[in-house]
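*Asks:* Questions regarding the structure given below will be posed in turn.
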Amino acid sequence: MKALGEEGLLERVAALLADPRHAEHPLREALEALYLQHRDQQEQLERLMSISDRYQSLAREAQQVTQKRYERALKRQKKLSRISDRYQALMRERNQTLHQEAHHDALTELPNRRLIDERLAQLDRGGRRYTLALLDIDHFKQINDEYGHDVGDELLVAITRTMRQGLRDYDLCGRWGGEEFLLLLGDTGLEEASSIVERLRTRLAQVRVASGDQWLSVTLSAGLSEHRVGEPYLTTLQRADQALLEAKREGRDRSQLASC
Amino acid sequence: MPAMTMIPDLDISGSQSTPIIRSDWAAGRLTMQGDSYPENSYDLFDQVIAWVQGFLTQESRPLRLELGLVYLNTSSVKAMMDIFDLLEEAHEQGRQVSVTWHYDPRNERIAELAEEFKEDCSYPFVITPAKVVP
C-alpha cells in the first residue's frame, strides 16, 4: 500500500511538472530537482536489493553443496569404518583359530605338547603342587597294523572322550605323542593321583570300538610322578616316563609310581 | 595429432603383505589378488588409481576389474572405495565398467565383505566363489 501511495504521489508530481501552466511557477525548479533525486535513490535501492538477494541465494546454494559433500563424506567414513571393523574381526577370529590349532591336536582336539609345556612351565613358576601321569595304549601298533589307521584313530578319539569325562575340571589331559597321553593333576599328591589313574584305566579298558563285526578294546599302562618342590617339570616328566617304561616291562595294563 | 601418453601397464608381484596387481590396457582389464596390508598403501594404490583414471579418460572401451582380494587393512579398504567410486562416476557417464570378485568358498566372510563394498555401486558387480584347487 505504501508503495502504491508513493507511486501515486510521484505520478501526481510528474503530472504537475509536465503541466505547461506551472512552467513559470517559482517552486517548479526545486520540485523537479527533488523529484529526479528521489527517482535516482529509488533506482539505487532496487539495485542494492537485487544484488543482496543474489548474494543470499548464492550463499544458500554454497551451503547446500557443502552440506551434501559433508553428508557424502560422512557416509563414506561410516562405510570405511564398517568394512574395516569387519576385516579386523575376521583377523581376530583367524588368530584365535590359529592359536587353537597351534595348541591342540587335530584328531582328538586335546591340548598338544606345546600347550602342555606352557602350562607346566606356568605351574613351575607358580610353585604349585602337581602330579604327572603318562598313559600309553598297550599294543596300539597292532591295532593300526591289523585293523587300519581309521580304526586306530577312532579308538584314540573314543579313549579321549572317556578320559575327559573321568577328569576333574582343573585337570589337564593332553596328547603327548601317537598313543601317549599326559595327565596333569593339579594340587594332587601321588597317592590320590594313583587312585584317579586306576579308576580311569578301568573305565578306559571298557571303551569299545567296532571294526566290521568285532568289538575292539585296549588296556593302558601308566607312569606317575609327583613334582618335587624346586625341580623343573622336565625332571618330573622324565621320572614319569621311566615309571611308564617299568609298567610296560612288568607286563603292561598297570600303573607304576615313581618313587618320591 | 600427437599420440596420447599411454600409461604403462602395472605388473606388481605380490608379497605376504601386498596383493598381486596386473593391468592389461589392451584387454581393458585390471587384476588384483591376495592380502593387502602394505606399510605405505598410498605408494601402492596411487599407481593403481592413476592407471584406472588414465584408462577411463583416454579410452572409451569397457573396463573390467578381476579381484581376488582377501584381507585388506583400513587404507587398502579406502583405496578400493576410491577405485569403485571412479568406476561409478564413469558408469554414470555411460561407460561400461564391471567388477568380478572371486572368493574362496571356504571363507564366506570375504563374500560378505565384498557385498559391503558393492552396496553403492550401480554397475555390474559380481561376487563369485572361486574354484578351489584341491
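*Asks:* Using only helices, what value at 222 nm comes out for the protein assembly as shown when you add -39,500 (n - 2.57) per DSSP H run of length 4 or more and divide by the total residues, to the nearest 500 deg cm²/dmol?
*Replies:* So the helix-based figure for the protein assembly as shown works out to -19000 deg cm²/dmol.
*Asks:* Excluding the sites themselves, what is the longest stretch of chain A that contains no GluC sites (Glu not before Pro) in a DSSP loop with at most 12 other C-beta atoms within 10 Å?
*Replies:* A:25-249
*Asks:* If you filter the stretch B:78-134 for trypsin sites (Lys or Arg not before Pro), then keep DSSP loop positions with at most 11 other Cβ within 10 Å, what is left?
*Replies:* Sites meeting the loop and neighbour criteria: B:R106, B:K131.
*Asks:* Can you give the FRET efficiency for A:Q67 and A:A30, using 1/(1 + (r/R0)^6), R0 = 45 Å, r = Cβ-Cβ distance, to the nearest 0.05?
*Replies:* So the FRET efficiency works out to roughly 0.20.
*Asks:* So what's Rg/Rh here for the stretch A:7-103, counting alpha carbon atoms and using the Kirkwood radius for Rh?
*Replies:* Rg/Rh for the stretch A:7-103 comes to 1.77.
*Asks:* Same structure again: Taking A:K75 as the anchor, which lysines have their alpha carbon closer than 25 Å to its alpha carbon, excluding any fewer than eight residues away along the same chain?
*Replies:* B:K78, B:K118
*Asks:* To make sure I understand the rule: partners must be lysines, Cα under 16 Å from the Cα of A:K141, and not fewer than 8 residues away in the same chain. Which ones qualify?
*Replies:* A:K248
*Asks:* Given a cut-off of under 8 Å on Cα pairs at least six residues apart, what relative contact order in percent is computed for the stretch B:45-134?
*Replies:* The normalised contact order for the stretch B:45-134 reaches 31 percent.
*Asks:* Moving to a separate point now. What number does the protein assembly as shown give for Rg over Rh if you use C-alpha atoms and the Kirkwood radius?
*Replies:* Radius of gyration over Kirkwood radius for the protein assembly as shown works out to 1.44.
*Asks:* Could you let me know the centre-to-centre spacing of the stretch B:66-134 and the stretch A:25-69, using Cα atoms, in angstrom?
*Replies:* The stretch B:66-134 and the stretch A:25-69 have Cα centres spaced 56 Å from each other.
*Asks:* Write down the percent of antiparallel bridges among all DSSP beta bridges whose residues are both part of the protein assembly as shown, to the nearest 5.
*Replies:* In the protein assembly as shown, approximately 60 percent of DSSP beta bridges are antiparallel ones.
Every read-out reported here was derived from the displayed coordinates using simple, explicitly stated rules and does not represent laboratory data. Predicted model only: the values in this text are computed from it and were never measured. Because the Cβ atoms are built from the backbone with ideal geometry, glycine has one as well, and the counts that use them run over all protein chains shown.
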